[in-house]
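Heads up: the structure comes next, in structure tokens.
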Amino acid sequence: TGTSRLRVYFTDGSIERVSAYLTPEGSLISNTWYFILITFDRDYVAKAYINTKILAGSAYLDISGQQGNIENYTNLSMGRITSSILAGKIDEPKIYHSIASSQLINQEYYSGISNLLVNNGINHNDYIQRLSELKSNLAKQ
């Protein structure tokens, strides 16, 4: 098994504009399912959530200087930056037109772990542990 980290990359398709690592080296473990959600807003902030928890010290990725309308951008890549390709799976990617609320983040995570349990992606004990962590996070909100 290996470890990796999460990087976001904002570009106009011709050259890299801005990018940042949102997690430290070794923070993501191979062969482990993660719920990852990244938000961007026009106030130039990128925030990352893993398993509903906002990453402490999430990078602030300044996109305020970028021009154009992201709605008109026709290319979208996930799991790839130029010649670097994710050696893994991306399941159920979604794009929203607004910043995700904490309620939506929690609902999506619960749906993901429930699907994992039904499809034998995690065992019952893993499901209970993740559900307990979700409830703990909800209590802190």
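Per-residue 3J(HN,Hα) values for segment 104-114, derived from phi via the Karplus relation 6.51 cos²θ - 1.76 cosθ + 1.60 with θ = phi - 60°, read 5, 4, 5, 4, 5, 5, 4, 4, x, 6, 5 Hz in sequence order (x marks Gly and Pro).
All other residues whose Cβ lies under 14 angstrom from that of Tyr127 are scored, Lys and Arg at +1 and Asp and Glu at -1, for a net of 0. Please find the FRET efficiency linking Gln103 to Ser132, where r is the Cβ-Cβ separation and R0 is fixed at 22 Å, and quote it to the nearest 0.05. Once rounded, the FRET efficiency stands at 0.70.
Among the chymotrypsin sites (Phe, Trp or Tyr not before Pro) within segment 77-138, those in coil by DSSP and having at most 15 neighbouring Cβ atoms inside 10 Å are Tyr96. The calculated FRET efficiency for the pair Phe40 and Ala139, based on their C-beta separation and a Förster distance of 25 Å, comes to about 0.35.
Once you have the alpha carbon radius of gyration of segment 102-141, what is it after dividing by 2.2 N^0.38 Å, with N set to its residue count?
Output field value: 1.14.
Shown is the FRET efficiency for Trp33 and Tyr96, computed with R0 = 22 Å from the Cβ-Cβ distance and rounded to the nearest 0.05: 0.55.
None of the figures in this text is laboratory data; all of them are computed from the coordinates on show. If you're wondering where the values come from, they're calculated on a predicted model, not measured in any experiment. FYI the Cβ positions are ideal-geometry reconstructions off the backbone, even for glycines, and counts take in every protein chain you see.
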